[in-house]
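Everything on this sheet refers to the single structure shown next.
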Amino acid sequence: MIYYGKQNVDEEDIKIVDKVLKSDFLTQGPFINKFEQKVAGYCGAKYAVAVTNATSALHIACKAAGLGQGDILWTSPNTFTASANCGRYCGAAVDFVDINKRTYNMSIDKLNEKLQQSPIKPKIVVPVHFAGQSCQMDKIYNLAQKYNFIIIEDASHAIGGSYKNTKVGSCKYSDMTVFSFHPVKIITTGEGGMVLTNNEKLYNKLLLYRTHGITRNPEYMTEKADGPWYYEQIELGYNYRMTDMQAALGYSQMNRIEKFTKRRRELAEQYNELLKGLPLALPYQSPETVSSWHIYVVRIKFNKVKINKTELFSNMRQKGIALNVHYIPVHTQPYYRNLGFDWGNFPNSEQYYEEAVTLPLYYTLTDEEQKYIIESLSECLCAK
């Protein structure tokens, strides 16, 4: 079966994890700091905090930003639910900004219009870099200066990408950036995530929320330490700590991030060329961005073929190819419908969902496998 995504773990990855397994540290050890420094250095950010997954990264980013009851967070409907759920975890309200029809990222026009019309402004906006392509961050940053909201980039898809010659994760146009290291992402730690920032105060809060709200730093303690064992819980934090085993794997994977993204871009270019002529729309790439190509999404013109999406998925699976869909619009999920959202609220995202199909794309996908995918897709779509 050819799946839509797949990790690549080589012998060097295995060696470094084996080294940790034979060391004195399995949970929080020296590789946590090494991994954080490596990612921060690669992206050009000052600080990084490794955590259990991107969902927990989004959560503590919101907590560090002071999100709470009475506040509101805005994000894209075209994302995984965690981009919105992080606001709800903090007791805040959540709303959405519809997507741009070409990039499938948050529409700047829709965001500007909503900011002008909404009597209650968001405390946090979470732009999602869908498929690995950055949002128009300079424009979002300018709106943040005007309307005084905090920006948390959900770059779960986008490590290795860039915007206007600046690496995603630099936080040049945001307060914090979140990465995911799930096995289908660009690099993996098994499960894992990270928050990057250039703000020292936010960084110190992220460290607190990662580990139960506990500190040993005398600067933050209310009492004088009894001894070297002394610590204080000064916030209600969480156990979101990454293990040293995961961090070692991530550290090793970072050595190949340019290889990973280079191959993904080659495969995307080949898809763009070989899919021409089929009844579908290819993914648009803004000249301002260099995508890391986490996923490759086409929009099938189902009104021009004699097959629906369910049949397409079934037929392709029979051929040994597992397609996927990214994403079902968050506002249409039952939980969010219970909060007052419904179909029809964000038509661009809904129309996109009706047509979107994610094709396999990963580092070890061969040219022969890709050609087979395209031939199989063509057979399914063009069958008489």
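Structure data summary
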item	result
Phi-based couplings in Hz for segment 241-255 (Karplus 6.51, -1.76, 1.60; Gly and Pro marked x)	7, 6, 7, 5, 4, 5, 5, 5, 4, x, 4, 5, 4, 4, 5
Label-point separation in nm, Lys276 to Tyr141, each point 7 Å along Cα→Cβ	3.6 nm
Among Gly41, Gly169, Gly161, residue whose mean-square fluctuation peaks in a GNM of the chain (springs only between Cα atoms under 10 Å)	Gly41
Residue among Ser252, Ser83, Trp293 farthest towards the positive dipole end of the chain, charges placed on Cβ	Trp293
All-pairs alpha carbon distance profile, segment 218-368, 10 Å steps from 0, percent	8, 23, 25, 21, 12, 8, 3, 0
Relative contact order computed over segment 42-123 (Cα-Cα under 8 Å; 6+ residues apart), in percent	26 percent
Low-density loop cleavage sites - chymotrypsin sites (Phe, Trp or Tyr not before Pro) in segment 255-348, where at most 15 other Cβ are within 10 Å (DSSP)	Tyr284, Trp343
Antiparallel bridges, percent of DSSP beta bridges restricted to the chain (to nearest 5)	65 percent
Long pairs among Lys262/Lys301; Lys121/Lys262; Lys101/Lys185; Lys46/Lys259; Lys38/Lys139; Lys146/Lys201, criterion Cα-Cα beyond 32 Å	Lys121/Lys262
Length added when fully stretched, Lys15-Asn217, from 0.36 nm per residue minus Cα-Cα	69.3 nm
Amide H contacts under 5 Å for Val305, placed H, 5+ residues apart	none
Label-point separation, Gln69 to Tyr3 (7 Å along Cα→Cβ), nm	4.2 nm
Per-residue ³J(HN,Hα) for segment 36-45, Karplus 6.51 cos²θ - 1.76 cosθ + 1.60, θ = phi - 60°, Hz, x for Gly and Pro	4, 5, 5, 5, 4, x, 4, 7, x, 9
5 angstrom amide H check on Asp95, placed H, neighbours 5+ away	Leu73, Trp74, Thr75
Proxy reagent accessibility, fewest Cβ within 10 Å first, across Ile187, Ile2, Ile373	Ile2, Ile373, Ile187
Proximal aspartates and glutamates to Lys304, defined as alpha-carbon separation beneath 17 angstrom and excluding residues fewer than eight positions away on the same chain	Glu354, Glu355, Glu379
Residues with amide H under 5 Å from that of Lys319, placed H, sequence gap 5 or more	none
Charge context of His294, other residues only, Cβ under 11 angstrom, K/R +1, D/E -1	+2
Sparsely packed GluC sites (Glu not before Pro) within segment 176-228, loop by DSSP, other Cβ within 10 Å at most 10	Glu219, Glu223
Order of Asp367, Asp98, Asp138 - criterion: other Cβ atoms within 10 Å of each residue's Cβ, fewest first	Asp367, Asp138, Asp98
Helical contribution to [θ] at 222 nm, DSSP H n ≥ 4, -39,500 (n - 2.57), averaged over the chain, rounded to 500	-11500 deg cm²/dmol
Lys63, Lys22 arranged by Cβ crowding within 10 Å, fewest neighbours leading	Lys22, Lys63
For a label point 7 Å along the Cα-to-beta-carbon line of Thr81, residues of segment 96-126 with backbone N under 17 Å	96
Pairwise FRET efficiency - Glu235 versus Ile307, Cβ, R0 = 51 Å, nearest 0.05	0.40
Acute angle (nearest 10 degrees) that the helix 108-117 long axis makes with the longest principal axis of the chain, alpha-carbon atoms	60 degrees
Formal net charge of residues neighbouring Gln285 (Cβ-Cβ distance under 13 Å; K, R +1; D, E -1)	+1
Cα centre as origin, Lys/Arg/Asp/Glu Cβ charges: the chain dipole, Debye	560 debye
Taking segment 11-256 and dividing mean pair separation by its residue count, relative contact order in percent (alpha carbons under 8 Å, at least six apart)	27 percent
Coil-residue chymotrypsin sites (Phe, Trp or Tyr not before Pro) of segment 195-257, DSSP, other Cβ within 10 Å capped at 11	Trp229
Unit charges on C-beta of K, R, D, E only; dipole of segment 257-382, Debye	100 debye
Shape category assigned to the chain from the gyration tensor of Cα positions, a/c cut at 1.5	oblate
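We did not get these values from a lab; they are worked out from the coordinates using the rules stated. Just so it is clear, the structure is predicted and the values come from calculations on it, not from any experiment. Note that we place each Cβ from the backbone using ideal geometry, even for glycine, and neighbour counts take in every protein chain shown.
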